[in-house]
Amino acid sequence: MRLCAVSVDLDEVPCYAAIHGIDTHAASAHAIYEKAVPRLQRFFAREKVAATFFAVGQDLTHTPNAEALRDLQASGHEIASHSQGHHYDLSQRGRAFIEDDIRQSLDAIERATGKRPTGFRAPGYTITNEMFDVLRSLGLAYDSSVFPCPSYYSAKTAMIGAIAARAWSGKTKKSRSIIDDPRVLLAPADPYTPGDSYWRASSSSRDALVEVPIGVTRHARLPFIGTSVALAGEIGAQLLALQMVGRPVVVLELHGIDLADANEDGLGWLRPHQPDLRKTAAQKDAAIRAALSVFRTNGYKFVTTHEAAMASRKAH
Ligand SMILES: [Zn+2]
């Protein structure tokens, strides 16, 4: 099996401001949907890729966003849930809160597109056994939140610490991001059906819910995500992609911001905090395209995350 599932988390600009503990400039508060989504749509049309867009339910109260989502679906893309409120600490809330939040997102997306999503990705990749139970009870077919990546884990932990230090000195607010359970690093890196613990595969496939982990390279488990691919440049992106070849399912998780452009989209204020905004949208487009060409050359078929999850379940 050689499948490549490209997905895009539609975190809107205020999500990034919250991570870095700064305020959003109101004029560019919808830059992801207004500027980056049309670029992504053109990108996927050119590349002939059907992708999965993970949308945050609350963004769809803004009518143009709901229309953009419907349009993406009409172009053959899958729309899945990235929660209702994108609370970075969703996993720490009570079960009723978690269930409400995820159900609301499914409702909001169904209202916008006419189709109920089958997949979920947690804010900040932070998921728990309790959240898995909620996903099962809501009848979802797959989750794609587990990120078994040691270097991402340590970088995120360090970044939260650095932002906390700045916050204590009074320069910024505290980061809204939270630290994950380190056991996630023991999780399989290829799609699996979770057992008693979400980070452990189970051979008794009574569980219908499939986990499609975020991409890590085959040996060093380096992050294979939009940020690392875009920042690596075209050659670097191809080298990273080559380290993914051999996985039955290559997952490339992008964010809307991966095709945002600080100058064209009025995001200059966010650039000092967000390294990927130092590259232009055209540079990032070229790097992601270079990575995809590696998979195409190596016989990978581009599918949605739902299709990758269903194919993995059959293969078990
Ligand atoms: Zn997110």
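The values are calculated or read from the model by the stated rules, or taken from the named source; none is laboratory data. The model shown is predicted, which means the values in this text are computed figures rather than measured ones. When we count neighbours, we look across all protein chains shown, and the Cβ atoms used for this are built from the backbone with ideal geometry, even at glycine.
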Q: Please work out if residue 267 is among the hydrophobic types (A, V, I, L, M, F, W, C) and assigned to a loop (DSSP other than H, G, I, E, B).
A: yes
Q: Could you list, in sequence order, all residues of the range 224-247 that are farther than 22 Å from residue 55 by Cα and in contact with a Ser or Thr (Cβ under 7 Å, 6 or more places away or on another chain)?
A: 240, 243, 244
**Q.** Within the range 71-92, considering residues that are surrounded by fewer than 16 Cβ atoms within 10 Å (Cβ to Cβ) and not small (Gly, Ala, Ser), the one farthest from residue 130 (Cα to Cα)
**A.** 71
Q | Identity of the residue in the range 138-153, among the polar types (S, T, N, Q) and in contact with a helix residue (DSSP H, G or I) (Cβ under 8 Å, 6 or more places away or on another chain), that ends up nearest to the ligand (Cβ to nearest atom) | A | 145
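Yes/no matrix, rows are residues, columns are (1) surrounded by fewer than 24 Cβ atoms within 10 Å (Cβ to Cβ); (2) modelled with pLDDT under 95; (3) within 16 Å of the ligand (Cβ to nearest atom); (4) within 14 Å of residue 36 (Cβ to Cβ):
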{"residue": "238", "(1), (2), (3), (4)": "yes, no, no, no"}
{"residue": "243", "(1), (2), (3), (4)": "yes, no, no, no"}
{"residue": "251", "(1), (2), (3), (4)": "no, no, yes, no"}
{"residue": "261", "(1), (2), (3), (4)": "yes, no, no, yes"}
Q | Matching residues, the range 271-294, being modelled with pLDDT of 95 or more and acidic (Asp, Glu) | A | 285
Q) With (1) out of contact with any strand residue (DSSP E or B) (no Cβ under 9 Å at 6 or more places or on another chain); (2) touching a residue at least 24 places away in the same chain (Cβ under 8 Å); (3) away from the ligand (no atom under 16 Å from the Cβ) as the list, and residue 2 as the residue in question, which single condition is left unmet? A) (1)
Q: Kindly indicate whether residue 97 is among the aromatic types (Phe, Trp, Tyr) and either within 16 Å of the ligand (Cβ to nearest atom) or at pLDDT below 95 (or both).
A: no
**Q.** Subset of the range 280-306 [in contact with a Ser or Thr (Cβ under 8 Å, 6 or more places away or on another chain) and either of a type outside the set (Ser, Thr, Tyr) or in a helix (DSSP H, G or I) (or both)]
**A.** 305, 306
Q: Sort through 121, 103 and tell me the only one that's modelled with pLDDT of 95 or more and more than 16 Å from the ligand (Cβ to nearest atom).
A: 103
Q: Give me a count of the residues in the range 35-66 that are part of a helix (DSSP H, G or I) and either surrounded by 18 or more Cβ atoms within 10 Å (Cβ to Cβ) or within 16 Å of the ligand (Cβ to nearest atom) (or both).
A: 14
Q.
Looking for something hydrophobic (A, V, I, L, M, F, W, C), more than 15 Å from the ligand (Cβ to nearest atom) and within 18 Å of residue 58 (Cα to Cα) - is there at least one such residue anywhere in the range 128-137?
A. no
Q: Restrict the check to the range 274-293 and report whether at least one residue is closer than 27 Å to residue 119 by Cβ, among the β-branched types (Val, Ile, Thr) and either under 19 Å from the mean Cα position of the chain (by Cα) or surrounded by fewer than 16 Cβ atoms within 10 Å (Cβ to Cβ) (or both).
A: yes
Q: Find all pairs meeting these conditions: Cβ atoms under 9 angstrom apart; at least six residues apart or on different chains; first residue within the range 228-256 and closer than 12 Å to residue 216 by Cα; second residue of a type in the set (Asp, Glu) and outside any loop (DSSP other than H, G, I, E, B).
A: 229/258; 253/9
**Q.** Qualifying position, being surrounded by 16 or more Cβ atoms within 10 Å (Cβ to Cβ) and modelled with pLDDT of 90 or more, among 137, 145
**A.** 145
Q. In the range 191-212, how many residues are touching a Pro at 6+ places or on another chain (Cβ under 6 Å) and part of a loop (DSSP other than H, G, I, E, B)?
A. 1
Q. Out of all the residues in the range 130-156, which are part of a helix (DSSP H, G or I), of a type outside the set (Val, Ile, Thr) and closer than 17 Å to residue 101 by Cβ?
A. 130, 131, 132, 133, 135, 136, 137
Q) Among 111, 116, which is in a helix (DSSP H, G or I) and surrounded by fewer than 17 Cβ atoms within 10 Å (Cβ to Cβ)? A) 111
